[in-house]
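Okay, structure first, notes after.
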Amino acid sequence: MLPLVARIWWAPGDQARRLKELDSENAKLKRLVSELSLEKLILKDIASGNF
């Protein structure tokens with residue numbers, strides 16, 4: 001996949017704005033998944049008595 005800058009360069013105005021929005025949303029969702037994954041591991045350790 002092309003980097004965001006390359007995708008925006010070739011996209012018309014509205015599409016470029018939408019790509020930026022989607023890229024931002026994707027970054028937020030990735031952070032959320034990593035946070036939830038970490039919480040899950042912590043809870044799993046606590047439940048098994050490894051704390």
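Values quoted throughout were computed directly from the atomic coordinates according to the rules given, and no laboratory measurement underlies them. Small disclaimer: the values here were computed from a predicted structure and weren't measured. Cβ atoms come from the backbone with ideal geometry, glycine included; neighbour counts cover every protein chain shown.
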Show which aspartates and glutamates lie in cross-link reach of Lys44 when reach means a straight Cα distance below 18 angstrom and same-chain residues fewer than eight apart are skipped. Glu35
Determine which lysines satisfy two conditions relative to Lys20: a Cα distance under 16 Å, and not lying fewer than 8 residues away in the same chain. Lys28, Lys30
Measure off 7 Å from each Cα along the Cα-to-Cβ vector at Ser48 and Leu22, then give the distance between these two points in nanometres to one decimal. 3.9
